[in-house]
Amino acid sequence: MAADDCLRVTESSSAAKSKRWLHVSATMRQIELLQRAGFETSGMDFGLSKYAANCHLNFRWNRAAIRAAVLRDAGRTAA
(Lines give C-alpha, C1' and ligand atoms only; values in the text may rest on other atoms or scores of the structure.)
Protein backbone atom coordinates (compact mmCIF):
# COMPACT_ATOMS: atom_id res chain seq x y z
CA MET A 1 0.00 0.00 0.00
CA ALA A 2 2.68 2.49 0.94
CA ALA A 3 4.63 1.69 -2.21
CA ASP A 4 1.54 2.16 -4.36
CA ASP A 5 0.72 5.46 -2.66
CA CYS A 6 4.26 6.70 -3.25
CA LEU A 7 4.09 5.73 -6.92
CA ARG A 8 0.74 7.43 -7.42
CA VAL A 9 2.08 10.67 -6.00
CA THR A 10 5.51 10.73 -7.63
CA GLU A 11 5.45 8.69 -10.83
CA SER A 12 3.40 7.79 -13.85
CA SER A 13 2.39 4.13 -14.11
CA SER A 14 4.74 3.46 -17.03
CA ALA A 15 7.71 4.97 -15.20
CA ALA A 16 6.87 3.07 -12.02
CA LYS A 17 7.21 -0.29 -13.74
CA SER A 18 10.83 0.37 -14.61
CA LYS A 19 11.91 1.59 -11.18
CA ARG A 20 15.04 -0.11 -9.90
CA TRP A 21 13.65 -0.86 -6.44
CA LEU A 22 11.09 -3.20 -7.96
CA HIS A 23 13.96 -5.59 -8.67
CA VAL A 24 16.45 -4.87 -5.86
CA SER A 25 16.79 -7.57 -3.21
CA ALA A 26 14.82 -7.18 0.01
CA THR A 27 16.68 -5.61 2.92
CA MET A 28 17.74 -7.63 5.94
CA ARG A 29 15.23 -5.64 8.00
CA GLN A 30 12.40 -6.62 5.66
CA ILE A 31 13.49 -10.26 5.82
CA GLU A 32 13.67 -10.08 9.62
CA LEU A 33 10.13 -8.63 9.79
CA LEU A 34 8.84 -11.27 7.39
CA GLN A 35 10.36 -14.05 9.48
CA ARG A 36 8.79 -12.62 12.64
CA ALA A 37 5.43 -12.56 10.84
CA GLY A 38 5.76 -16.25 9.96
CA PHE A 39 6.90 -15.90 6.34
CA GLU A 40 9.49 -18.53 5.57
CA THR A 41 12.49 -16.93 3.93
CA SER A 42 16.23 -16.83 4.45
CA GLY A 43 18.61 -13.91 4.57
CA MET A 44 20.19 -15.36 1.45
CA ASP A 45 16.97 -15.17 -0.62
CA PHE A 46 18.14 -12.70 -3.23
CA GLY A 47 15.11 -13.48 -5.42
CA LEU A 48 12.81 -11.62 -3.03
CA SER A 49 12.59 -7.98 -4.11
CA LYS A 50 12.01 -4.98 -1.87
CA TYR A 51 8.66 -4.53 -3.58
CA ALA A 52 7.59 -8.15 -3.04
CA ALA A 53 8.74 -8.03 0.59
CA ASN A 54 6.73 -4.84 1.10
CA CYS A 55 3.64 -6.47 -0.43
CA HIS A 56 4.01 -9.55 1.80
CA LEU A 57 4.49 -7.41 4.90
CA ASN A 58 1.49 -5.22 4.16
CA PHE A 59 -0.65 -8.28 3.54
CA ARG A 60 0.44 -9.93 6.79
CA TRP A 61 -0.04 -6.73 8.81
CA ASN A 62 -3.50 -6.16 7.31
CA ARG A 63 -4.60 -9.80 7.06
CA ALA A 64 -7.45 -9.47 9.58
CA ALA A 65 -8.96 -6.46 7.79
CA ILE A 66 -8.56 -8.15 4.40
CA ARG A 67 -10.18 -11.36 5.65
CA ALA A 68 -13.06 -9.40 7.20
CA ALA A 69 -13.65 -7.48 3.96
CA VAL A 70 -13.54 -10.63 1.83
CA LEU A 71 -15.87 -12.55 4.12
CA ARG A 72 -18.25 -9.58 4.33
CA ASP A 73 -18.36 -9.36 0.53
CA ALA A 74 -18.69 -13.15 0.18
CA GLY A 75 -21.71 -12.99 2.48
CA ARG A 76 -23.36 -10.43 0.21
CA THR A 77 -22.90 -12.52 -2.93
CA ALA A 78 -24.04 -15.74 -1.24
CA ALA A 79 -27.34 -14.22 -0.14
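Quick look at the numbers
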{"quantity": "Residue in the stretch 19-38 that is modelled with the lowest pLDDT, counting only those that are assigned to a loop (DSSP other than H, G, I, E, B) and within 15 Å of residue 50 (Cβ to Cβ)", "calculated": "19"}
{"quantity": "Meets criteria (at negative phi, at pLDDT below 85 and loosely packed, with under 10 Cβ neighbours inside 10 Å) for residue 77", "calculated": "yes"}
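The values are calculated or read from the model by the stated rules, or taken from the named source; none is laboratory data. A quick note: this is a predicted structure, and the numbers were derived from the prediction, not measured. We place every Cβ from the backbone using ideal geometry, glycine too, and count neighbours over all the protein chains shown.
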